[in-house]
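Remarks on the structure that follows.
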Amino acid sequence: MGSRSDWETMRHAVETLESLGIAHEVRVVSAHRTPDLMFEYAEAAAGRGIRAIIAGAGGSAHLPGMLAAKTLLPVLGVPVQSQALNGMDSLLSIVQMPAGIPVATFAIGRAGAVNAALCAAAMLATSDQALAGRLATYRREQAESVLSRPDPRKD
Ligand code: RP5
């Protein structure tokens, strides 16, 4: 994530990865404040065994795109909800990549963080049957939690 202030959003990605038993690391790497670290991180990631990068940033959110420019790993971008523009700035900064350097872009805020983790899980699950099973269980439990409580007045 681009800042410690992004943690309240990005912790939802981490919680989702944890719930699926996916090994991960958490780092603050700022495209603007620590650009050299960002380049080092992106260049070293694949060699360290990382399979995907979930990058959350807000405002003028260059982190996902610049990471994607420096690695062949899939980069999943999470627009963090900014105060000034409610995250529209983050979303447009991340989603409008020029052809040739892709960033998979998710919803603003918590939904995006959760879904970036689930999408990373789905990618990894194509070559990991045990993870595919855990992902199927996640979906089944989610459906059951909706089906078992159809009337919000009875919660
Ligand atoms: C971005 O600037 C970060 O991703 C964060 O969302 C935003 C504001 O950062 P702080 O000023 O709160 O550190 O680079």
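Every number in this text was worked out from the coordinates using simple rules, so none of it is lab data. Just so we're clear, the structure is a prediction, and the values are computed from it rather than from any experiment. Please note: Cβ atoms are built from the backbone with ideal geometry, for glycine as well, and neighbour counts cover all protein chains shown.
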* Which value in deg cm²/dmol, rounded to the nearest 500, describes the helix-derived mean residue ellipticity at 222 nm for the chain, given -39,500 (n - 2.57) per DSSP H run of n ≥ 4 and division by the residue count? -> -15000 deg cm²/dmol
* Label-point gap, in nm, between residue 23 and residue 119 - each point 7 angstrom along Cα→Cβ -> 2.4
* To do: Lys and Arg at +1, Asp and Glu at -1: add these up for the other residues within a Cβ distance under 15 Å of residue 134 and post the number.
  => -2
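Report the extension gain between residue 83 and residue 43 in nm, rounded to one decimal, defined as 0.36 nm multiplied by the number of residues separating them, less their alpha carbon distance.
Numbers: separation 40, 0.36 × 40 = 14.40 nm, distance 3.15 nm.
That pair, residue 83 and residue 43, stretches by 11.2 nm at full extension.
What is the sum of charges, Lys and Arg at +1 and Asp and Glu at -1, for the other residues whose Cβ falls under 14 Å from the Cβ of residue 22? If you can, show how the numbers build up before the last one.
Values: positive: 51, 134; negative: 15, 18, 25, 128.
Around residue 22, the charge tally is -2.
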* Virtual spin-label span in nm between residue 130 and residue 143, 7 Å along Cα→Cβ -> 2.5
